[in-house]
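Have a look at the structure below, then the notes.
The values are calculated or read from the model by the stated rules, or taken from the named source; none is laboratory data. Here the structure is a predicted model, which means the values were calculated and not measured. Cβ atoms come from the backbone with ideal geometry, glycine included; neighbour counts cover every protein chain shown.
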Amino acid sequence: MRGERGSATLFAVACISVLLLLGAALGVVAAMVRAHRVAQSAADLAALAAADAVGTGRDPCAAGSAVAAANDARLVACALQGRDAIVTVTVDGPHWLGQVADLSAEARAGPAQP
C-alpha cells in the first residue's frame, strides 16, 4: 500500500495535461474557422462593392479594396469578367501553437443573369 502512495496524483496530472492540450487544439481550430468566416464575408462584401462600382463607372478594384480593408482583410486579387467582379481577400490567421498560415477566400458578384 505504501508503494502506491501518490500514484493518483500522477494520473490526475496526466489527465489534466491531456485536457489542456485538447482544449488548446480546439481553440486553434475554432479560431481558424472564425478567421475563414471573416475572410469569406469580407470577400463577399468586396465583390459586391466592386460589382456596384462597375455599374456606376468607378474603379471596381479600389472599391473592393476599401471594403476589404474596412473588414480587416487585404484584397490580393481583383478581376473583371464582363460585368462580374471576382475578388480574393486574405485575413490574418490565428498565430497560436505554431500556426502561421493566413486564410483567404474568393467571391464573385455581378448583375443577375436573365
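Being touching a helix residue (DSSP H, G or I) at 6+ places or on another chain (Cβ under 7 Å) and either of a type outside the set (Phe, Trp, Tyr) or more than 30 Å from residue 26 (Cβ to Cβ) (or both) is the filter here; which residues of segment 93-110 pass it? Steps first, please.
Filtering segment 93-110 down to residues touching a helix residue (DSSP H, G or I) at 6+ places or on another chain (Cβ under 7 Å) leaves 93-94, 96-97, 99, 103-110.
Within segment 93-110, 93, 94, 97, 99, 103, 104, 105, 106, 107, 108, 109, 110 qualify.
Filter segment 56-114 down to residues that are farther than 14 Å from residue 39 by Cβ and of a type in the set (D, E, K, R), then give me how many there are.
Residues flagged as farther than 14 Å from residue 39 by Cβ and of a type in the set (D, E, K, R) within segment 56-114 amount to 5.
Given the conditions (1) assigned to a loop (DSSP other than H, G, I, E, B); (2) under 13 Å from the mean Cα position of the chain (by Cα); (3) modelled with pLDDT of 90 or more, and given that residue 94 satisfies all but one, which numbered condition is not satisfied?
Just one mismatch for residue 94, condition (3).
Given the options 29, 33, 13, 89, name the one that is touching a residue at least 24 places away in the same chain (Cβ under 8 Å) and either of a type outside the set (D, E, K, R) or out of contact with any strand residue (DSSP E or B) (no Cβ under 9 Å at 6 or more places or on another chain) (or both).
Details: 29 fails: touching a residue at least 24 places away in the same chain (Cβ under 8 Å); 33 fails: touching a residue at least 24 places away in the same chain (Cβ under 8 Å); 13 fails: touching a residue at least 24 places away in the same chain (Cβ under 8 Å).
After applying the criteria, what remains is 89.
Has segment 75-85 got at least one residue that is exposed (fewer than 12 other Cβ atoms within 10 Å of the Cβ) and more than 22 Å from residue 28 (Cα to Cα)? First the steps, then the outcome.
Taking segment 75-85 as the starting set, the residues that turn out to be exposed (fewer than 12 other Cβ atoms within 10 Å of the Cβ) are 81-82.
This time we only want the ones that are more than 22 Å from residue 28 (Cα to Cα), so: 81-82.
Looking for residues that are exposed (fewer than 12 other Cβ atoms within 10 Å of the Cβ) and more than 22 Å from residue 28 (Cα to Cα), one finds at least one in segment 75-85, hence yes.
Can you find, within segment 1-41, the residue that is surrounded by the most Cβ atoms within 10 Å (Cβ to Cβ) among those that are aliphatic (A, V, I, L, M) and touching a Leu at 6+ places or on another chain (Cβ under 9 Å)? Quick ask: steps written out before the conclusion?
As a first pass, look at segment 1-41 and keep what is aliphatic (A, V, I, L, M): 1, 8, 10, 12-14, 16, 18-22, 24-26, 28-33, 35, 38-39.
Still in the list and also touching a Leu at 6+ places or on another chain (Cβ under 9 Å): 24-25, 28, 32, 35, 38-39.
Values: 24: 12, 25: 12, 28: 17, 32: 16, 35: 21, 38: 18, 39: 27.
Within segment 1-41, the match that is surrounded by the most Cβ atoms within 10 Å (Cβ to Cβ) is 39.
Starting from residues that are more than 22 Å from the chain's Cα centre (by Cα) and assigned to a helix (DSSP H, G or I), keep the ones in segment 40-88 and report whichever is modelled with the lowest pLDDT.
Taking segment 40-88 first, the residues more than 22 Å from the chain's Cα centre (by Cα) are 51-60, 80-84.
With assigned to a helix (DSSP H, G or I) added as a condition, the list becomes 51-56, 60.
Values: 51: 93, 52: 92, 53: 92, 54: 89, 55: 84, 56: 88, 60: 93.
Within segment 40-88, the match that is modelled with the lowest pLDDT is 55.
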